[in-house]
Amino acid sequence: MTNLLLMVGVFLFSFVVGYFLISRIPTLLHTPLMSMTNAISAVTILGVLILFSVSSTRTEQVIGSIAFVMAAFNLVGGFAITDRMLRLFKKKPAGGGNNG
């Protein structure tokens, strides 16, 4: 139980610090920041997989499952948005496209 309280305390502390740091970042830097959160989500997924590889309590499994779902959602959504932004910078084909 002490380990769980320590993990929740670290989570809450990192949430507060992260919120204050991200809220002060200029809008221009949000895209690189999003790429970094994708990497953090990947690390979270790896941590959950490690948690599931050892024996753990039911509470830890539930919290790990919630973390896995949230990190996977963030990871997939971040890659989709990054792909969409990268397509904006591709050159258009010569000829103006198909206007039928």
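When residues of region 32-76 are filtered for being among the aromatic types (Phe, Trp, Tyr) and either closer than 18 Å to Phe11 by Cα or in contact with a Cys (Cβ under 6 Å, 6 or more places away or on another chain) (or both), how many remain? Qualifying residue count, region 32-76: 1. Listed by first and then second residue, the pairs linking a residue in region 20-36 that is small (Gly, Ala, Ser) and part of a helix (DSSP H, G or I) to a residue that is at pLDDT 70 or above and surrounded by 10 or more Cβ atoms within 10 Å (Cβ to Cβ), with Cβ atoms under 9 Å apart and 6 or more places separating them unless they lie on different chains, are Ser35/Gly78; Ser35/Thr82.
For region 46-89, a tally of residues being part of a helix (DSSP H, G or I) and either of a type in the set (Phe, Trp, Tyr) or surrounded by fewer than 16 Cβ atoms within 10 Å (Cβ to Cβ) (or both) returns 29. From the list Gly97, Gly77, Gly64, Gly9, the lone residue that is at pLDDT below 80 and among the small types (Gly, Ala, Ser) is Gly97. Just to be sure, is Thr59 touching a residue at least 24 places away in the same chain (Cβ under 8 Å) and under 21 Å from Ala80 (Cβ atoms)? For Thr59, the condition - touching a residue at least 24 places away in the same chain (Cβ under 8 Å) and under 21 Å from Ala80 (Cβ atoms) - is not met.
In this structure, is Ser23 under 22 Å from Leu4 (Cβ atoms) and not basic (Lys, Arg)? Taking the combined requirement at face value, the residue does not satisfy it.
The values are calculated or read from the model by the stated rules, or taken from the named source; none is laboratory data. None of the values given here were measured: they were computed from a predicted structure. Backbone-built Cβ (ideal geometry, glycine too); neighbour counts: all protein chains shown.
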